[in-house]
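*Asks:* First the structure, then my questions, so here it is.
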Amino acid sequence: MVAIVAIAPLLPTLRAAYVYDDTTIIRDNVLLRGWGALARVWTQPYWPVEGVDALGLYRPVHVALLAFVWNVTGGAPVWLHAYALVLSAASALAVWWMLRRGAGAGAALVATAWFAMHPLHVEAIASIANTSELLMVLCTIALVAVLVRMPATPDIPARDWKRAALIGALAAAALGAKESGLLSLPIAAVTAGGWAEPRSDGARAFLRRNMRAWMAAAVGIAIVIFARLVVLGAPVSHGSIAAQGIGAMSTGDRVAAMVSLWPRIAGMLVWPAALSPYYGPTIFPVNPAGVAVLSAVTMLALSGLALVVARRGERRPLVALAWIALTYLPASNLITPTGQILADRTLFGATVGVALAIAWMLDRLPSFGRRVAMAVIVLVAMRGAFTGATYAVAWTNHRALWTRLMETSPNEHLSYKLLGMDARARGENVRAVELLSRAFAMAPKDRQIRFELGQAQYSTHQYLASVKTFAPLLTDADARGEREFVALYLDASGRAGGPEAVVHAATPLLHSETAPTAALFLGVALEQLGRGAEADSVYALGLLRAPGDSALLSRRAHLDDRTKAKGKGQPS
């Protein structure tokens, strides 16, 4: 039953294409092709796009599993989505096992059903690239299982070292699946030592008994970190990857802003409503400082209460809080800015913590109160399943997903940008101009929006508007180095203002990265203006930069023929 309720709301994803990050991580990723990928993934960064390794992401375990499924199934998206559903069912079963260890059967079952049908899981499962969240949680619960099902045996070194090696491998796998896996072992240790009926043995004794396990885990984690250093050249990102809206904040402002989101996160965990594939700066409350203070005080009070109860032998509430806090911490932007302000997928581990809290609460209630609470939680879970199934449909294709984003975040530019890019890819250029213009009005500094809008304007014959949109991009060396872009800009200039406009636009580019392209357009414009000698000089200048450029050679030869014909009195 647990497996079924975990999969059922997400069945619409089986008819989904590769969506969002799946297009880069899976569909277009040549790294996955062939069985040699199972070895290659250990030597490559997570993102297969040139320059994006600066994000500091290295997830070889996750990518190796994707490569395995790709090569077994031929890469059809339905099989990769089926793999994600299998991980969803496995996660629910693992949570059921863990809850059952420290709570009654009824309490564990209801809490697991709530977890299994939670709508926050849609993003982590519908987007196959995000299943690294599930792998990290599975490795963490596997660590719990080893710690409690294979008791430490310090008096039998050989057996204890075998157990320690398994723990070391799981700790390394958690980190190799996702960066937040670095905290898997502490979470597992807290869970193994605290998620059980009230007990009196101390934490120090637990730590001493498992000393070999901690040593082996340290070695496994060190190996993965060393591999990151070799592959990425640094243990973390080479540069800032801060999401828009927090990049310019001071550390204090960023922390206050993120803490002010805790009430919203609590609402998403307990009663998720308008979930979105992206949460931008408009998510912050009007008075972030005041909300942050109230949130911090509340969290400190809950943590203090959990510690007091733990000192009396009841550690289960503390374990639940540890799962919520530690699984979310790496993506919380409290330690360092990350690539997103908030994302559904980063709360997957936190839902495990809430499930633990629900199971503990149900276990502590008297009989009548337990039955009433169970009924309420089952209704909440069923409502969550309906919400999740509806949201899963939005993840079946890009247009549906970007439309969902526009509906949930109408004041964020990203939905209009992505819908505009999708419309342009479909050839719907009039609609693309409308959407991209709206996105550009909201985010005029976004270079990609400017580039996409200029192309859409060109395709709808708005040449002057296209030139004005493109022109600021030419201050960027990367843009000037793109021959196709420069050609499009100069062509639009000619269509908008004739040869004189091309002369004005191309002349400054003669000494740029795309001088041959500029020389070609400038030379043709000069020919049209009857300035053949100048055109020949321009072609010669372009050929100095690109001696084998066939277009320049052909154009210059044609000009020579015309000049010779004119000299002999023949029609040119």
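The values are calculated or read from the model by the stated rules, or taken from the named source; none is laboratory data. The shown structure was predicted, so the numbers you read here are calculated from the model rather than taken from an experiment. Because the Cβ atoms are built from the backbone with ideal geometry, glycine has one as well, and the counts that use them run over all protein chains shown. Remember, those area values only see protein heavy atoms, side chains included, never the ligands or the DNA or RNA. Shrake-Rupley method; radii C 1.70, N 1.55, O 1.52, S 1.80 Å.
*Asks:* For Tyr46, list long-range residues whose amide hydrogen, built 1.01 Å from N in the peptide plane, is under 5 Å from its own amide hydrogen.
*Replies:* Close amide H contacts, sequence-distant or interchain: Leu57, Tyr58, Arg59.
*Asks:* Additional query: So how strong a dipole does the chain carry about its Cα centre when Lys and Arg Cβ are +1 and Asp and Glu Cβ are -1, to the nearest 20 debye?
*Replies:* 1560
*Asks:* In addition: Can you work out ³J(HN,Hα) from phi for every residue in the range 492-499, in order, using Karplus 6.51 cos²θ - 1.76 cosθ + 1.60 and θ = phi - 60°, giving whole Hz and x for Gly and Pro?
*Replies:* Karplus-based 3J(HN,Hα) across the range 492-499 equals 4, 4, x, 5, 7, x, x, x Hz.
*Asks:* Read phi for every residue in the range 522-537 and hand back ³J(HN,Hα) as whole Hz from Karplus 6.51 cos²θ - 1.76 cosθ + 1.60, θ = phi - 60°, with x for Gly and Pro.
*Replies:* 5, x, 4, 4, 5, 4, 5, 8, x, 10, x, 5, 5, 4, 4, 5
*Asks:* While we're on this one: What whole-number distance in Å separates the alpha-carbon centres of the range 143-216 and the range 489-534?
*Replies:* Using only Cα atoms to place each centre, the spacing works out to 69 Å.
*Asks:* Please provide three numbers in whole Å: the alpha-carbon extents of the range 347-451 along the principal axes, with the largest listed first.
*Replies:* The Cα atoms of the range 347-451 stretch 63, 25, 19 Å along their principal axes.
*Asks:* Which whole-number value in Å² is the accessible area per residue of the range 421-572, probe 1.4 Å?
*Replies:* 53
*Asks:* I would also like to ask the following. Where the centre of each part is set by its Cα atoms, how far does the range 258-292 sit from the range 312-351, in angstrom?
*Replies:* Measuring centre to centre over Cα atoms gives 15 Å.
*Asks:* Same structure again: Of Gly168, Thr346, Ile125, whose Cα points farthest to the positive end of the dipole of the chain (charges on the beta-carbon: +1 Lys, Arg; -1 Asp, Glu; origin at the Cα centre)?
*Replies:* Selected residue: Gly168.
*Asks:* Using +1 at the C-beta of Lys and Arg and -1 at the C-beta of Asp and Glu, which of Thr469, Ala496, Met1 has the Cα lying farthest in the positive direction of the dipole of the chain?
*Replies:* Met1
*Asks:* Equivalent-ellipsoid semi-axes (√(5λ), Cα gyration tensor) for the range 229-281, whole Å, largest first?
*Replies:* 28, 16, 11
*Asks:* Restricting everything to alpha-carbon atoms, can you work out Rg to Rh for the range 432-572 with a Kirkwood hydrodynamic radius?
*Replies:* 1.06
*Asks:* Hey, another quick one. Rolling a 1.4 Å sphere over the protein heavy atoms, what is the accessible area per residue of the range 333-393, to the nearest Å²?
*Replies:* Ligands and nucleic acids excluded, the figure is 41 Å² per residue.
*Asks:* How large is the dipole of the range 363-421 about the Cα centre if only Lys and Arg carry +1 and Asp and Glu carry -1, each at its Cβ, rounded to the nearest 20 debye?
*Replies:* With only Lys, Arg, Asp and Glu charged at Cβ, the dipole is about 200 debye.
*Asks:* If I take every Cα pair under 8 Å that is 6 or more residues apart in the range 358-487, average their sequence separation and divide by the length, what percent do I get for the relative contact order?
*Replies:* 12
*Asks:* What is the ratio of the Cα radius of gyration of the chain to 2.2 N^0.38 Å, where N is its residue count, to two decimals?
*Replies:* 1.20
*Asks:* Another question, if that's okay. Pop out the carbon and sulfur fraction of the accessible area of the chain as a percent, whole number, probe 1.4 Å.
*Replies:* 65
*Asks:* From the phi of every residue in the range 242-250, what ³J(HN,Hα) in whole Hz does the Karplus formula 6.51 cos²θ - 1.76 cosθ + 1.60 yield, where θ is phi - 60° and glycine or proline is x?
*Replies:* Those phi angles translate into 4, 5, 4, x, 10, x, 8, 7, 6 Hz.
*Asks:* Relative contact order of the range 146-220: what whole-number percent is it, with Cα pairs under 8 angstrom and at least 6 residues apart?
*Replies:* In percent, rounded to a whole number, it is 48.
*Asks:* Skipping prolines and chain starts, which residues have an amide H placed within reach, meaning under 5 Å, of the one on Leu342, given they are 5 or more residues away or on another chain?
*Replies:* Placed amide hydrogens put Tyr279 under 5 Å from Leu342.
*Asks:* Rounded to the nearest 500 deg cm²/dmol, what is the calculated helix-only ellipticity per residue at 222 nm for the chain, with -39500 (n - 2.57) per DSSP H run of length n ≥ 4?
*Replies:* -21500 deg cm²/dmol, from helical runs alone.
*Asks:* I need to check one value: relative contact order of the chain, counting alpha carbon pairs closer than 8 Å and at least 6 residues apart, in percent.
*Replies:* 14
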